[in-house]
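**Student:** Structure in structure tokens, see below.
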Amino acid sequence: MGNRRFLQQGVSLSGLIFWCALLGGAALVAMKLFPLYNEKMKVDFAMEKVAGDPEAGNWTKPDLAKAVMKQFEVSDVDRWTLAEFTRLLDVERRTDGGRTMSLSYEIRGPLFGQLDIVLNYDRALDLPRGTTE
């Protein structure tokens with residue numbers, strides 16, 4: 001009959017506690033990061049939607065800001081007012097005569113105590129050529 005101890009497999013209680021703590025910590029960090037990442041994806045989608053509009057090349061900066069803010073309402077992004085967003089949005093002329101819409105800001109969220117997570121957002125999209133510049 002021999003010693004069956006060598007045939008046994010499994011996890012000890014201390015090993016189980018270690019892995020539960022490790023997975024729990026990773027899940028907690030993921031839950032703190034997800035809202036920031038989700039907001040970034042919503043902002044990307046809104047800007048791409050506006051930049052993809054064939055008429056966007058004719059719009060002024062305030063018109064572009066209003067259009068993006070409408071997309072934010074649909075996506076439930078409520079970080080800015082229209083005036084704040086208009087200041088953040090940048091519309092520049094390119095050398096080829098087209099225009100580029102860009103947005104740059106910092107998303108900050110709490111992680112633990114005084115420790116914050118910071119996501120730097122910087123995105124530029126080319127607008128379609130308008131009939132009147």
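Bear in mind that the values in this text are calculations on the coordinates, not laboratory data. Note that the structure is a prediction, hence the values are computed from the model and not measured. Here Cβ is always computed from backbone atoms with ideal geometry, including for glycine, and neighbour counts include all displayed protein chains.
**Student:** Taking only segment 93-115 into account, find how many residues are over 16 Å from the mean Cα position of the chain (by Cα) and surrounded by 10 or more Cβ atoms within 10 Å (Cβ to Cβ).
**Tutor:** Within segment 93-115, residues that are over 16 Å from the mean Cα position of the chain (by Cα) and surrounded by 10 or more Cβ atoms within 10 Å (Cβ to Cβ) number 8.
**Student:** Residue under question is ALA51, and the condition is that it be free of Cβ contacts under 8 Å to residues at least 40 places away in the same chain and either in contact with a Gly (Cβ under 9 Å, 6 or more places away or on another chain) or of a type in the set (A, V, I, L, M, F, W, C) (or both); does it hold?
**Tutor:** no
**Student:** Among what's in segment 31-89 and is crowded, with 17+ Cβ neighbours inside 10 Å and assigned to a loop (DSSP other than H, G, I, E, B), pick the residue that is farthest from the chain's Cα centre (by Cα).
**Tutor:** Within segment 31-89, the match that is farthest from the chain's Cα centre (by Cα) is TRP59.
**Student:** Among the residues of segment 11-30, write down those that are more than 30 Å from VAL77 (Cα to Cα), among the aliphatic types (A, V, I, L, M) and either in contact with a strand residue (DSSP E or B) (Cβ under 8 Å, 6 or more places away or on another chain) or outside any helix (DSSP H, G or I) (or both).
**Tutor:** VAL11
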